Amino acid sequence: AAGGFFLNQSTNTQTVTVDEVDHRIMDVGTTEIKIRSFKEVYEELGVDTIDLLAINTEGCEYTTIPHILDNGYGPKIKNFQIQFHCHVDAQFPDGVENEVEKVRNQLSETHDLDWSYEWTFDNWSLK
């Protein structure tokens, strides 16, 4: 059930361009991808808790993580490992660092930051 799609805040289909850098996972050119909301997938899987949720979503972490937390799933996730991406700075008028801070502040309500390697990975464990 959990294969063949990307996770984000909403369910939809998008056409994306795969360049030479990304060709390892898809053919170069344009392709249609299915995107599903975390809420939809979590409910479909029927699990109670998640031991580790690793998030490396090339900039979508700034919408995916708030979606997870806003829908009350934060306390059901024992550990988040998150890679924050700085190459999406143009999407945010106040700068991507501000977006990182917003996500970290929201996570800190239910989780403790165990370690952080800037622009590599953070690990957050449930309080």
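The values are calculated or read from the model by the stated rules, or taken from the named source; none is laboratory data. Quick caveat, the model's predicted, so the values are computed rather than measured. All accessible areas refer to the heavy atoms of the entire protein, side chains included, with ligands and DNA or RNA removed. Shrake-Rupley method; radii C 1.70, N 1.55, O 1.52, S 1.80 Å.
Quick one: which residues, 5+ away or cross-chain, put their amide H under 5 Å from the amide H of H85? H built at 1.01 Å from N.
Here G59 satisfy the definition.
Per-residue accessible area for Y73 at 1.4 Å probe radius, Å² rounded to 10?
Ignoring ligands and nucleic acids, Y73 comes out at about 20 Å².
Rounded to the nearest 5, what is the percent of antiparallel bridges among the DSSP beta bridges in the stretch 28-127?
Details: 10 of 14 bridges.
Percentage antiparallel, nearest 5: 70.
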